[in-house]
1. If you average over every viewing direction, what projected area does the convex hull of the Cα atoms of segment 137-228 give, in nm²?
2. Calculate the FRET efficiency for residue 79 and residue 20 from the Cβ-Cβ distance with a Förster distance of 35 Å, rounded to the nearest 0.05.
3. Using a Förster distance of 22 angstrom, determine the FRET efficiency expected from the C-beta separation of residue 186 and residue 143, and round it to 0.05.
4. Describe numerically, in nm with one decimal, the distance between label points set 7 Å from Cα along Cα→Cβ at residue 90 and at residue 203.
5. Residue 177 to residue 157: FRET efficiency via 1/(1 + (r/R0)^6), r the Cβ-Cβ distance, R0 22 Å, to the nearest 0.05?
6. Between residue 55 and residue 195, what is the label-point separation in nm under the 7 Å Cα-to-beta-carbon projection?
7. Report the relative contact order of segment 82-153, percent, no decimals, based on alpha-carbon pairs under 8 angstrom and at least 6 residues apart.
8. Peptides 206-216, 29-39: what's the order by average Cβ count within 10 Å, highest mean first?
Ligand SMILES: *[C@@H]1O[C@H](CO)[C@@H](O)[C@H](O)[C@H]1NC(C)=O
Ligand SMILES: *[C@@H]1O[C@H](CO)[C@@H](O)[C@H](O)[C@H]1NC(C)=O
Ligand SMILES: *[C@@H]1O[C@H](CO)[C@@H](O)[C@H](O)[C@H]1NC(C)=O
Ligand SMILES: *[C@@H]1O[C@H](CO)[C@@H](O)[C@H](O)[C@H]1NC(C)=O
């Protein structure tokens, strides 16, 4: 007796599933990169093998964005979405399709989307389903800077920030010596949230520092050249540079050779700047 009831119950469930409309968006969440042309899939099964009429509507949050009428193929589109959205529909009772297409998605398209299918004489099933769309943004090329004075015994920070990126990028600094060999950070060095803090720096701290900014879409890097100089030669101490340029030039050339033209250019332009200032004063 009990067994018969349960068989009947199973039959009832199967029967009702087949008899009423079932709308389905396969996933709860969709993620796409900004700028992509996307498709949010929506399928339905109708109790009617070939419905004469069907109305498909897609909404984002509370706002209706597009309505598609079968069999005319007419559409009504919300002004804000005009030209960017369309419905890719196939009205076949057994395996219908009502996909939403959106071109060139932006962060403004982050929303909960609802696919709703209305077929006359086919009520009582699941007429709608929802999914969340998340638009991801690749990190922009990070801006990397030195904070503090790059001279012996100082503490400095190397900072790394991408202005864009969704989800928020994570940052990692890698260090290379002046000959471009990878090396481990000094034990006191910390790397937190894009800030690499270097303590009591020495000549050996000089080299290349690469920061990689990464999220689930992409990773991008910057490359910072750090040259640690004795305090008297520091860019910040004007008197040291004017007074000490000639006698120190051998050490300069040494440093320049090892670090390459970047630094050479940087130092030269500093000297020029200082000389110009000096000339202006005189
Ligand atoms: C998106 O579609 C438009 C036409 O609607 C096309 O011009 C563009 O290249 C496509 N973009 C991508 C990333 O496929
Ligand atoms: C380096 O960053 C830390 C933490 O943000 C800060 O406390 C410190 O003052 C910074 N040092 C320099 C030289 O900017
Ligand atoms: C900094 O390093 C020098 C040697 O490189 C050492 O003599 C000095 O004690 C260090 N200072 C600190 C504050 O760790
Ligand atoms: C960083 O820049 C230096 C000098 O321009 C170059 O020699 C080095 O290969 C670069 N490193 C990376 C990882 O791009």
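1. 5.4 nm²
2. 0.50
3. 0.35
4. 7.3 nm
5. It comes to 0.65.
6. 5.8 nm
7. The value is 23 percent.
8. 206-216, 29-39
Bear in mind that the values in this text are calculations on the coordinates, not laboratory data. What you are looking at is a predicted structure, and each value in this text was computed from that prediction instead of being measured. All Cβ positions, glycine included, derive from the backbone under ideal geometry; neighbour counts span all protein chains shown.
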